[in-house]
1. Collect the residues in the range 162-172 that are within 10 Å of the chain's Cα centre (by Cα) and surrounded by fewer than 21 Cβ atoms within 10 Å (Cβ to Cβ), keeping them in residue-number order.
2. On the basis of being in contact with a Phe, Trp or Tyr (Cβ under 7 Å, 6 or more places away or on another chain) and at pLDDT 95 or above, does I249 make the cut?
3. Within the range 258-303, can you find the residues that are in a helix (DSSP H, G or I), among the β-branched types (V, I, T) and within 23 Å of R155 (Cα to Cα)?
4. Going by what's in this entry, would T112 be described as surrounded by 21 or more Cβ atoms within 10 Å (Cβ to Cβ) and over 13 Å from the mean Cα position of the chain (by Cα)?
5. Among the candidates L146, L103, which residue alone is closer than 17 Å to T238 by Cα and surrounded by 23 or more Cβ atoms within 10 Å (Cβ to Cβ)?
6. I want to confirm something. Restricting to the range 120-139 and keeping residues that are surrounded by 20 or more Cβ atoms within 10 Å (Cβ to Cβ), of a type outside the set (A, V, I, L, M) and out of contact with any Leu (no Cβ under 8 Å at 6 or more places or on another chain), which single residue is farthest from A86 (Cα to Cα)?
7. May I ask you to say which residue of S297, S292 is surrounded by 16 or more Cβ atoms within 10 Å (Cβ to Cβ) and among the hydroxyl-bearing types (S, T, Y)?
Amino acid sequence: MVLGSYRALALTVLGLFFLAGCAETQLLAYTTKKMTRGGSSVYGAYKVGNPYKIDGVWYYPQEDFDYVETGIASWYGPKFHNRRTANGEIFDMNQLSAAHRTLPLPSLVQVTNLENGRSLKVRVNDRGPFAHGRIIDMSRRGAQLLGFEKNGTARVRVEILGAESRALAQRLKTGTQVASADLPIRSDVQVAKPGVSAETLAPPPGGHESRASFKKDQDASVENEERITMVPQNPDGTVSIEAVGSTNIWVQAGAFSSFENANRVKAVLYKFSDVSITSKIVKGQEFFRVRSGPITSVRDADRLLEKIIDAGFSDARIVVD
């Protein structure tokens, strides 16, 4: 009986260790799930990529932390659900994300629906859209939040969040340790080291006190304060509303620094539609934009865009003003 009791006790202890191990495993799995989306890293790998060509049009990915553009947004969903994105994440159409043709992956952008004023922050983690005349592809959840899921497209403004995207790029390129995954959105926050008390001691026999040396050590301590790069929070789907006015759709064949060149393009495009030349100052330089329009519908703009691209103007695009 005594031997049997020892055996029972040993089995009980082993069972407790097993249950504790299971609980620890479940906790680890839960923690991992909390830090991932769809089985992959929340932010994925950082990627810019090389120039590429789709349907006769070249695209040039680059780090452009001043990017802002207006145009037509679309959305993508079931066909790509659970597939890998261009930076290695798993696309979940029910999560908030987006695809862009040239911005770094991932980037954080603000997308505003210019038809209803709904605006939200979204993480760009994929390449696309590859239909001419679209500037961003939202996940289905993104289209729902912006209010254009049923229509399929919307007139939008897309603006990169420069400081947050730089911080995110720095984190992923260098592997800088993150203080907390749930910290508010901040970039390059300077955190001072804990305070250190000091007292002046008498110099040793034969020596003398050097105040300059003490001051130098103090300065070095301040200069060497630890800097921690905070990674921006994953966008949570918060929608804000901003005032928007009426807009027009145009097809822009190009923007030229020479008026003569712009005028030559205008002469070619007259056979397709009414064409105008407008000037705009960009970073201190004047450009002459050749545009057809205004156009009443996205469908008509798509048709005109294809004609202009086929005429040899591969950089033509749809813009919204």
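1. As a first pass, look at the range 162-172 and keep what is within 10 Å of the chain's Cα centre (by Cα): 162, 164-166, 168-169.
Scanning the range 162-172 gives G162, R166, A169.
2. Values: in contact with a Phe, Trp or Tyr (Cβ under 7 Å, 6 or more places away or on another chain): no; at pLDDT 95 or above: yes.
It is false that I249 is in contact with a Phe, Trp or Tyr (Cβ under 7 Å, 6 or more places away or on another chain) and at pLDDT 95 or above.
3. Just the residues of the range 258-303 that are in a helix (DSSP H, G or I), to begin with: 259-269, 298-303.
Narrowing further to those that are among the β-branched types (V, I, T): 265, 268, 298.
Residue satisfying the conditions is V298 alone.
4. On the way: surrounded by 21 or more Cβ atoms within 10 Å (Cβ to Cβ): yes; over 13 Å from the mean Cα position of the chain (by Cα): yes.
The answer is yes for T112.
5. On the way: L103 fails: closer than 17 Å to T238 by Cα.
Within the list L146, L103, the selection yields L146.
6. Looking at residues that are surrounded by 20 or more Cβ atoms within 10 Å (Cβ to Cβ), of a type outside the set (A, V, I, L, M) and out of contact with any Leu (no Cβ under 8 Å at 6 or more places or on another chain), I get R134.
7. Numbers: S297 fails: surrounded by 16 or more Cβ atoms within 10 Å (Cβ to Cβ).
Criteria check complete, one pass: S292.
Conditions tested, residue by residue: (1) aliphatic (A, V, I, L, M); (2) farther than 23 Å from E115 by Cβ.
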site	(1), (2)
Y270	no, yes
D300	no, no
R303	no, no
I309	yes, yes
F313	no, yes
R317	no, no
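The values are calculated or read from the model by the stated rules, or taken from the named source; none is laboratory data. Remember, predicted model here, so these are calculated numbers, not experimental data. Don't worry about glycine lacking a Cβ; one is built from the backbone with ideal geometry, like all the others, and counts go over all protein chains shown.
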